[in-house]
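Visitor: Questions regarding the structure given below will be posed in turn.
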Amino acid sequence: GVTRLLLTRIPFFKEIIVSSFSCPSCSWSNTEIQAAGRIQEQGVRYALAVTSRQDMNREVVKTDCASARIPELDFEIPAFSQKGVLTTIEGIIDRAVAGLEQDQPARRAADEEVARKIDEFIGKLRQLKEVNAPFTFVLDDPSGNSFVENPRAPLRDEALVVTHYRRSPQQCALLGLEVDAKAPDTAEDLRDEVLQFNTNCPECNAPASTNMKVVQIPHFKEVIIMATNCDSCGHRTNEVKAGGAIEPQGTRITLRITDPSDMTRDILKSETCSVEIPELEFELGMGALGGKFTTLEGLLKDIRDLVEKNPFTLGDSSTPSRTGKLQEFIGKLQEVKGKAQAHFIMDDPAGNSYLQNVYAPEEDPELSVQRYERSFEQNEELGLNDMRTEGYEPEPAPRR
C-alpha cells in the first residue's frame with residue numbers, strides 16, 4: 001500500500017502530522033496523527049459540556065497517550081489503547097462503537113449475558129449522538145498534545161474548560177520521561193524566588209532576616225537585591241550587588257539633564273562607582289552610599305540626606321562659612337531636580353553600573369557611555385593585580 005504524510009497546522013493549536021494509508025488490493029484504509037512538536041511542559045485536560053448537535057462536530061486531536069471519558073456513562077477509552085487520530089466527538093463515539101461491535105459475534109457464542117449488556121451499552125453510546133440529554137466529554141493528555149476545537153476562538157468558550165497540570169511521576173514514566181527525585185536548583189529558578197537567610201541587625205544586633213532576589217535589568221545584566229528589616233528597632237537597609245563578573249573595561253556614563261522627566265530614569269550604582277556633577281563642583285567617591293538600585297531622583301535625595309545628616313558639615317561642630325556653602329549646594333541640588341540643566345556622571349572602573357536609556361534599543365541623544373582601560377591604581381583598588389585565574393594550583397612537592 002501507499003502511506004501519505006501531510007504536515008498541517010490546526011488554528012489556535014499547533015502543527016501535526018497526518019498520515020494516511022490505503023491498500024489497492026483490499027481497499028483497507030487508515031489515518032493516524034502525530035504531534036509535530038515535542039512533549040509539552042505540562043499535561044492538558046479538556047472538559048466539554050455537549051449540549052447540541054453542533055458540539056458533536058467539534059474537531060478533536062487525540063494522541064495515542066490521551067484518554068477520553070464520558071462520566072455520565074462511566075465510559076473511558078484508556079491511554080495507549082488507540083492510535084492517534086484527528087476526528088470529531090461524533091467520530092470518537094463511532095470508533096468506540098465499532099470497537100465494541102467487532103467481537104460481539106464471539107461474545108454471543110461464549111457468553112450471551114455479557115454480549116447482551118454490551119449491546120445495551122452500544123445503544124446508549126448511539127443515543128449520545130442525538131444529544132437528547134447533555135453530557136460531558138473529557139479528554140486528558142499528559143503529553144499536552146491533544147486538542148478540542150473552540151469554534152469561538154480566539155474568544156472564550158463557556159462550554160469548554162481547559163486545565164493545564166503538572167505530570168505525576170507515573171505519567172512521566174508512561175511517556176518515557178526521566179524524572180529526577182529532586183531536581184537541582186538552577187539560575188532560572190532563582191529569578192522567580194525570594195531567598196531569605198538569618199542575620200543580625202547592624203544597629204541593635206537583634207536577630208533579623210535578609211531577603212535576596214535576582215533581578216534582570218533590561219538591556220544590562222542581572223543584579224542581586226538584598227533588603228534587611230529589623231522588627232526590634234525598625235532599622236531597614238537595602239543593598240545591590242552586581243550578579244556577574246567584573247567587566248573587562250571600566251564604564252563612564254554621562255547624562256545631560258535637560259528635563260524633569262530625566263529624574264525618573266532607573267539607576268544601578270555599584271559600590272565601586274563614583275558620582276560627579278561638574279556644575280555643582282560635587283564628587284562622591286567610591287564606596288559612599290553603597291550599592292543602590294533606584295531612580296536619578298532617588299539617588300539625588302540620598303546625596304542630600306548624606307550631606308544634611310553629617311554632623312561634621314551641618315552639625316554643632318561646623319563653621320558658619322562651611323554651613324553656608326553646604327546650604328547653597330543643597331539649594332542648587334534641589335534646582336537640578338527641578339529645572340536647572342546639569343551633567344550627571346557615573347564612573348565605575350568595574351563596569352557594573354547602569355543608567356537607563358529611555359530610547360532603548362535606539363541611542364539616547366542625552367546619554368553617552370564610554371568604555372576605557374583601567375589604570376594600575378584602579379586595578380589595585382579592585383584587587384585585580386594580585387588575582388590569578390591561571391596556574392594558581394600549588395605545585396606538588398618533590399618526592400625524595
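Visitor: Answer with yes or no whether Lys62 is among the basic types (Lys, Arg), open to solvent by less than 70 Å² (accessible area, probe 1.4 Å) and touching a strand residue (DSSP E or B) at 6+ places or on another chain (Cβ under 9 Å).
Guide: Spelling it out, Lys62 is indeed among the basic types (Lys, Arg), open to solvent by less than 70 Å² (accessible area, probe 1.4 Å) and touching a strand residue (DSSP E or B) at 6+ places or on another chain (Cβ under 9 Å).
Visitor: Here is a further query. Output the residues belonging to the stretch 230-249 that are more than 18 Å from Cys204 (Cβ to Cβ), of a type in the set (Val, Ile, Thr) and in a strand (DSSP E or B).
Guide: Once the filter is applied, which keeps residues that are more than 18 Å from Cys204 (Cβ to Cβ), of a type in the set (Val, Ile, Thr) and in a strand (DSSP E or B), the stretch 230-249 yields only Val240.
Visitor: Taking the stretch 55-86, which residues are under 35 Å from the mean Cα position of the chain (by Cα) and assigned to a strand (DSSP E or B)?
Guide: Glu59, Val60, Val61, Lys62, Ser67, Ala68, Arg69, Val85, Leu86
Visitor: Only residues that are more than 43 Å from the chain's Cα centre (by Cα) and under 17 Å from Arg69 (Cα atoms): list them for the stretch 132-153, please.
Guide: Result: Ala133, single match.
Visitor: Go through the residues of the stretch 239-249 one by one and say whether even a single one is closer than 20 Å to Ala288 by Cβ, of a type in the set (A, V, I, L, M, F, W, C) and modelled with pLDDT of 90 or more.
Guide: Within the stretch 239-249, not a single residue is closer than 20 Å to Ala288 by Cβ, of a type in the set (A, V, I, L, M, F, W, C) and modelled with pLDDT of 90 or more.
Visitor: Still on this model: One residue is enough: does the stretch 256-277 have a residue meeting the conditions part of a strand (DSSP E or B), among the basic types (Lys, Arg) and open to solvent by less than 60 Å² (accessible area, probe 1.4 Å)?
Guide: Within the stretch 256-277 (the criterion being part of a strand (DSSP E or B), among the basic types (Lys, Arg) and open to solvent by less than 60 Å² (accessible area, probe 1.4 Å)), the answer is yes, since at least one residue qualifies.
Visitor: Taking the condition within 30 Å of the chain's Cα centre (by Cα), farther than 15 Å from Val275 by Cβ and not polar (S, T, N, Q), does Glu335 pass?
Guide: Criteria not met by Glu335.
Visitor: Just to verify a result, which residue in the stretch 38-59, among those that are among the charged types (D, E, K, R), more than 17 Å from Thr87 (Cα to Cα) and in contact (Cβ under 8 Å) with a residue 12 or more places away in the chain, is surrounded by the most Cβ atoms within 10 Å (Cβ to Cβ)?
Guide: Arg45
Visitor: Let me ask something additional. Which of the residues spanning the stretch 68-86 are open to solvent by 30 Å² or more (accessible area, probe 1.4 Å) and in contact (Cβ under 8 Å) with a residue 12 or more places away in the chain?
Guide: Arg69, Pro71, Glu72, Leu73, Phe75, Ala79, Phe80, Gln82, Lys83, Leu86
Visitor: From Arg236, Arg252, which residue is open to solvent by 50 Å² or more (accessible area, probe 1.4 Å), over 28 Å from the mean Cα position of the chain (by Cα) and at pLDDT below 85?
Guide: After ruling out the rest, the residue left standing is Arg236.
Visitor: Return yes when Thr323 is surrounded by fewer than 17 Cβ atoms within 10 Å (Cβ to Cβ) and either modelled with pLDDT under 80 or under 21 Å from Val215 (Cα atoms) (or both) and no when it is not.
Guide: Yes.
Visitor: Select, from Ala397, Ala340, Ala360, the only residue that is in a loop (DSSP other than H, G, I, E, B), modelled with pLDDT under 85, among the aliphatic types (A, V, I, L, M) and loosely packed, with under 10 Cβ neighbours inside 10 Å.
Guide: Every option except Ala397 fails the conditions.
Visitor: Spot the failing condition for Phe135; the list is (1) at pLDDT 90 or above; (2) on the phi > 0 side of the Ramachandran plot, and only one is missed.
Guide: (2)
Visitor: From the residues in the stretch 200-219 that are open to solvent by less than 60 Å² (accessible area, probe 1.4 Å) and closer than 20 Å to Ile246 by Cβ, which one is farthest from the chain's Cα centre (by Cα)?
Guide: Ile217
The values are calculated or read from the model by the stated rules, or taken from the named source; none is laboratory data. Keep in mind it's a predicted model, so treat the numbers as computed, not measured. With ideal geometry, Cβ positions are generated from the backbone for all residues, glycine too; neighbour counts draw on all protein chains shown. The accessibility values were calculated without ligands, DNA or RNA, using every heavy atom of the protein model including side chains. Shrake-Rupley method; radii C 1.70, N 1.55, O 1.52, S 1.80 Å.
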